[in-house]
Amino acid sequence: MSCLDTANTYATTLTGLEYGGNGHRLAVIRTGATTAYVAESRKVAYNDSNACATGVLIYEVDTSATTGNGPIQVVTNPNAAAPTGNCTALDMQTWQPGQWFQDDTARIRIHVNASDASTDTVWTYKW
């Protein structure tokens, strides 16, 4: 896990959760006492060989929210591909190289810099 909790910038290569071995699985940007944004690399491989999309999944976590009340919320990508087949809009919310998510109130940005078959590189910013 790569964590950013103070004003700074990090470049992190995320290894897809589907792959074993070493490497970062998550990039976390803390935004409050109970809140954070998380980025993870999603790949169509192994147990996720039927996944609908590949890329970086970004979600907001609030540990003060109880289960069923949205402790984890996927961040919507306005440029996500349209769902096909049995896929839903939620299945398609991965972010691709050149795309970024920014929350001006939380003062953070997650920029997807690069991608290959098993990893994604993200730049995380907090100001």
Qualifying residue in region 65-84 (condition: assigned to a loop (DSSP other than H, G, I, E, B), under 18 Å from V112 (Cβ atoms), open to solvent by 60 Å² or more (accessible area, probe 1.4 Å) and among the hydroxyl-bearing types (S, T, Y)): yes
Filter result (more than 23 Å from R25 (Cα to Cα) and either touching a Cys at 6+ places or on another chain (Cβ under 6 Å) or among the hydroxyl-bearing types (S, T, Y) (or both)) within region 68-96: T84, C87, T88
Test: Y37 is buried (at least 17 other Cβ atoms within 10 Å of the Cβ) and either over 26 Å from S118 (Cβ atoms) or touching a residue at least 40 places away in the same chain (Cβ under 8 Å) (or both): yes
Residue in region 55-63 that is in a loop (DSSP other than H, G, I, E, B) and open to solvent by less than 70 Å² (accessible area, probe 1.4 Å) present: no
Subset of region 88-109 (residues that are assigned to a loop (DSSP other than H, G, I, E, B) and either touching a helix residue (DSSP H, G or I) at 6+ places or on another chain (Cβ under 7 Å) or open to solvent by less than 30 Å² (accessible area, probe 1.4 Å) (or both)): Q93, T94, A106
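If I ask for residues that are of a type in the set (S, T, Y) and within 18 Å of R30 (Cβ to Cβ), which ones from region 97-124 would you list? Steps first, answer last, please.
First, pick out the residues of region 97-124 that are of a type in the set (S, T, Y): 105, 115, 118-119, 121, 124.
Residues satisfying the conditions are T105, T124.
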Only listed residue being crowded, with 19+ Cβ neighbours inside 10 Å, of a type outside the set (D, E, K, R) and farther than 15 Å from I110 by Cβ, chosen from G16, G21, G32: G16
Pair list, Cβ < 6 Å and 6+ apart or interchain, from region 15-26 residues that are under 18 Å from S49 (Cβ atoms) to residues that are of a type in the set (G, A, S) and open to solvent by less than 60 Å² (accessible area, probe 1.4 Å): T15/G23; G16/S41; G16/S118; E18/A45; Y19/S118
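One line per residue, one yes/no per condition, for (1) under 13 Å from the mean Cα position of the chain (by Cα); (2) farther than 19 Å from N8 by Cα; (3) not aromatic (F, W, Y):
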site	(1), (2), (3)
T34	no, yes, yes
T54	yes, yes, yes
D62	no, yes, yes
T88	no, yes, yes
T94	yes, yes, yes
V112	yes, no, yes
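Which residues, counting only those in region 11-35, are closer than 27 Å to A45 by Cα and either assigned to a strand (DSSP E or B) or aromatic (F, W, Y) (or both)? Step through it out loud before you land on a result.
Let us first name the residues in region 11-35 that are closer than 27 Å to A45 by Cα, namely 11-29.
Residues satisfying the conditions are A11, T12, T13, L14, T15, Y19, H24, L26, A27, V28, I29.
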Residue, nearest to A11 (Cα to Cα), within region 41-52, restricted to residues that are in a loop (DSSP other than H, G, I, E, B) and not polar (S, T, N, Q): K43
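The values are calculated or read from the model by the stated rules, or taken from the named source; none is laboratory data. Keep in mind the model is a prediction, meaning the values are calculated, not measured. Glycine also receives a Cβ, built like all others from the backbone with ideal geometry; neighbour counts cover every protein chain displayed. Heavy atoms of the whole protein, side chains included, go into the accessibility calculation; ligands, DNA and RNA do not. Shrake-Rupley method; radii C 1.70, N 1.55, O 1.52, S 1.80 Å.
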